[in-house]
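Worksheet: the structure to be examined is printed underneath.
No value in this document is a laboratory result; all are computed from the given coordinates. None of the values given here were measured: they were computed from a predicted structure. Glycine also receives a Cβ, built like all others from the backbone with ideal geometry; neighbour counts cover every protein chain displayed.
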Amino acid sequence: MLSVGCGNRYRTTAIDIDHPVVPAVDRRATEPDRRDRLGVLTVRVQFRIDHPSQVDRSVHAITALVSDGHRVGICVRHDDAVSARLEAAAFEHTVLTTSPPSPLGSTAQRLFGTVRLGRYTRAFDPSVIVSQSTPAVRAARRLTGARLVTWNEPTTADGEAISAELYGAAARYHADWSSPDEAVREHHSVDEPEAYTIARFTAKASPYNTPQEGLSRRTKQRLVETLATVGRVYVDNVDDPHPALAASRITVPPRETPDLACGASLVVTDSARVAVGSALCGAPTVYAHLAEGDPVPDPVDELAARDLVRLAVGDGEARSTVEVLAADTDREAIWERRLTRFREAIGDPTTELLEAVLGSTDDSRQATAATPPVDETGIEPT
């Protein structure tokens, strides 16, 4: 059992990594040399996270830091999307602000958040802070003399633009750090040699095919029938469980879809997040866009520019695009080559973040730092 200390709430967080818990240390004793099992000096790392993409970029780094015995604290501004992703990763965190009821309240919340950030930082006493460089963060850093590591995402890769969202997704789904839940795959028997596909529809179908209401039921049925020519079809149709989709399908809960994307022969979806995840897992992916002129989310658009996602606008294009890909027996090998080129261009965001955090830690500061008391779980109160 390993633990993440994340501010004013304390709970042991289980992480499925086989390493021992760092023993509790008495505050009255100094540690002239605190190092992990690899001889690396243990550090206290505070993450200030303001955007969901930063959760994606740091999730594997946080897990690796904790498993190696380092102390991690996480604080965020009020953001439901950020909190949801942290909770999905089983990381507790401290929310520094609340949702402001008015513009005047927003100003007050910023001031309140600055004060709380300073208090949090003083209590946690980090040696490294990972955050955007803002006046509030720089002021908090000066309280403890911590080193600041900023979120420096690249703006281009392999000659194409790359957003912070895609860079974070590339970190989350990187093959060296991410692997599907084998229990989910075993439950659905995906390790059998039979090929399988995934259809994920989230927009409710409309008999008149109004652009805002997704693909028509007839189109969804045609897509499932086409996918069935490739192999077993896993359908996640959360908003429109129509009987027309019953042929050759196995209903899958939304939370299990990403675990099945790795190894899928073809994925068809109207969910941008599923499209990004499946493409970065190496699955040929079609994003069934709703209508001409509707904005395509940046990460999907960027992957489409690299031929890692096919965009299909409307019912007719969705049917024809899926039919062409289903008939192409080399599609998986083609996607794997494209994904390899993308990974080579973008590098390994998790390793780069860990090197930035651990690469030049101030040994002299750590050698004399006193450690706050810990309980038997190994979580340090702040």
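Miscellaneous remarks
- Rounded if a/c under 1.5, otherwise prolate or oblate - segment 103-165, Cα gyration tensor axes: oblate
- Neighbour counts of C-beta atoms inside 10 Å place H60, H78 in the sequence H78, H60, starting with the fewest.
- What separates the Cα centres of segment 260-335 and segment 130-167 is a distance of 31 Å.
- Segment 310-363 shape via C-alpha gyration tensor axes, a/c threshold 1.5: prolate
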